[in-house]
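Structure record follows, encoded as structure tokens.
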Amino acid sequence: MSVWDWADLRELAAPEHRVTLGEGNTPLVRSLRLGPEVGLENLWYKLDYATPTGSYKDRFAAGAISTMRARGQRRCIATSSGNTGAALAAYCAAAGMACEIAIVEGAPDGKLRQMQAYGARIYRVKGFGLDPEVSRATFAFLQKRAAAPDAALQISAFHYSPEGMTCVQSLSYELARQFPELPDHVFCQSGGGGLTLAVARGFRHLAAIGDPRPTPRIECVQPAGNDTIATPLRNGLDRARSVPCTSRISGLQVPDVIDGHETLAACRASGGTGHVVEDDLVWEIQSRLAREEGLFCEPAAATAVAGALQAARRGEIDPSARVVCLLTGIGFKDPPSLERMAGPSCPIYALEELDEALG
């Protein structure tokens, strides 16, 4: 099963134009230790890193590149902090398209190497993803390069690439199929807000076509150093805000609003709120997910879990509530965080040294 099995998504591109690498239909597993520790009886993880390029952005790329193919466009111009670029590069390779990607300054080398492996042309821009003015200027530059009839700009946000982001709504459709009763809360990490907005819109679409089950509260989790949406949402404001980004969580370094206003409104309409977490907590939860749950994700993915556990400790979630956290990128995506979590490389021992080394 892929994202193209959902009826409303099939309308984006005819069968002969669809590009798929088997994205979607990812596992849902129950928390064995972290949830029960904070009193959550029904904490679940949606493993959306179990995809062809290791992140949920494969859903986006499937929709974006298929739409380009249907329009006869052959050059993908994109921007990325890592996962979007890797997904677009892979799907462009499958479709026989050229792919050019502007990279945020703080993107991990591991993600850049993955893009290059698929044949993408990449360039890193100083200040991009950290400074709102530089980010806006970079977007304008890319829009100019993508203005030719044979090209399209692909940025994983509804504001820029609605077709690709519509395919991300398949996350909600899968959760609706995996749960006899829908979750009570879905915790989503947010940079520019697109993922969170797609999940909210997916559940809203299900309600509109007749699903009688109560829809989940969509919870927006952001690092404290990129708090564009979460605090305004929690404080009852109507608009997101631009901020200078100080977070070191790769993938969530998006100082501009982008989809923020719409995300804020969609979360509030669902009954959800905003959650702000510190980088250190995110790295701690990333490590604990691996060591205590057997789940190897990158820091951006662990952000949603950090928000859920923090909310549970504060008494903001009913202990019996069905809670889902989206784990959206595999741990190999971010080598620096892997080094922080795993420690130094394993030494090499002579066989006769093993008894003493092992104790």
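The values are calculated or read from the model by the stated rules, or taken from the named source; none is laboratory data. Please read all numbers here as calculations on a predicted model, not as lab measurements. Note that we place each Cβ from the backbone using ideal geometry, even for glycine, and neighbour counts take in every protein chain shown.
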Can you tell me how many residues within region 291-344 are surrounded by 24 or more Cβ atoms within 10 Å (Cβ to Cβ), of a type in the set (Ser, Thr, Tyr) and under 19 Å from residue 182 (Cα atoms)? 0
Looking at (1) within 30 Å of residue 309 (Cα to Cα); (2) assigned by TED's automatic domain parsing to the domain that holds residue 320; (3) not aliphatic (A, V, I, L, M), which is the only condition residue 210 fails? (1)
Output the residues belonging to region 58-80 that are buried (at least 24 other Cβ atoms within 10 Å of the Cβ), within 21 Å of residue 15 (Cα to Cα), touching a residue at least 40 places away in the same chain (Cβ under 8 Å) and of a type outside the set (Gly, Ala, Ser). 59, 60, 65, 68, 76
Limited to region 271-315, what total is found for residues that are more than 28 Å from residue 340 (Cα to Cα) and either in contact with a Pro (Cβ under 7 Å, 6 or more places away or on another chain) or in the same structural domain as residue 155 (by TED's automatic domain parsing) (or both)? 0
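In the set 221, 257, 199, which member is under 25 Å from residue 310 (Cβ atoms), touching a Lys or Arg at 6+ places or on another chain (Cβ under 8 Å) and either assigned by TED's automatic domain parsing to the domain that holds residue 283 or of a type in the set (Val, Ile, Thr) (or both)?
Working: 221 fails: touching a Lys or Arg at 6+ places or on another chain (Cβ under 8 Å); 199 fails: touching a Lys or Arg at 6+ places or on another chain (Cβ under 8 Å).
Result of the check over 221, 257, 199: 257.
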Checklist (1) over 30 Å from residue 206 (Cα atoms); (2) at pLDDT 95 or above; (3) assigned to a loop (DSSP other than H, G, I, E, B) applied to residue 76, failing item: (3)
Exactly one of these conditions fails for residue 221: (1) out of contact with any Gly (no Cβ under 6 Å at 6 or more places or on another chain); (2) within 29 Å of residue 318 (Cα to Cα); (3) of a type outside the set (D, E, K, R). Give me its number. (1)
Identify all residues within region 203-240 that are crowded, with 21+ Cβ neighbours inside 10 Å, in contact with an Asp or Glu (Cβ under 8 Å, 6 or more places away or on another chain) and farther than 16 Å from residue 273 by Cβ; write none if there are none. 223
Could you tell me whether any residue of region 244-261 is surrounded by fewer than 18 Cβ atoms within 10 Å (Cβ to Cβ), farther than 23 Å from residue 323 by Cα and more than 16 Å from the chain's Cα centre (by Cα)? yes
Going through region 184-202 in order, the residues found to be over 21 Å from residue 317 (Cβ atoms) and crowded, with 24+ Cβ neighbours inside 10 Å are 191, 192, 193, 194, 197, 198, 202
For region 24-36 the number of residues that are free of Cβ contacts under 8 Å to residues at least 40 places away in the same chain and farther than 20 Å from residue 176 by Cβ is 1
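This table checks each residue for (1) at pLDDT 90 or above; (2) surrounded by 19 or more Cβ atoms within 10 Å (Cβ to Cβ); (3) polar (S, T, N, Q).
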{"residue": "102", "(1), (2), (3)": "yes, yes, no"}
{"residue": "116", "(1), (2), (3)": "yes, no, yes"}
{"residue": "121", "(1), (2), (3)": "yes, no, no"}
{"residue": "129", "(1), (2), (3)": "no, yes, no"}
{"residue": "133", "(1), (2), (3)": "no, no, no"}
{"residue": "145", "(1), (2), (3)": "yes, no, no"}
{"residue": "160", "(1), (2), (3)": "yes, yes, no"}
{"residue": "182", "(1), (2), (3)": "yes, yes, no"}
In region 1-59, the residues that are under 28 Å from residue 320 (Cβ atoms), in a strand (DSSP E or B) and not charged (D, E, K, R): 28, 29, 42, 43, 44, 45, 47
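I need a count of the residues in region 70-100 that are over 21 Å from residue 148 (Cα atoms) and not small (Gly, Ala, Ser).
To start, the set of residues in region 70-100 that are over 21 Å from residue 148 (Cα atoms) comprises 81-84, 86-87, 90, 94.
Retained after the next criterion (residues that are not small (Gly, Ala, Ser)): 83-84.
Qualifying residue count for the region: 2.
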Tally the residues that are over 29 Å from the mean Cα position of the chain (by Cα) and not in a loop (DSSP other than H, G, I, E, B), restricting the search to region 310-359. 8
Give region 1-46 a look and list any residue that's surrounded by 14 or more Cβ atoms within 10 Å (Cβ to Cβ), of a type in the set (Gly, Ala, Ser) and over 23 Å from residue 313 (Cα atoms), or say none. 2, 13, 24
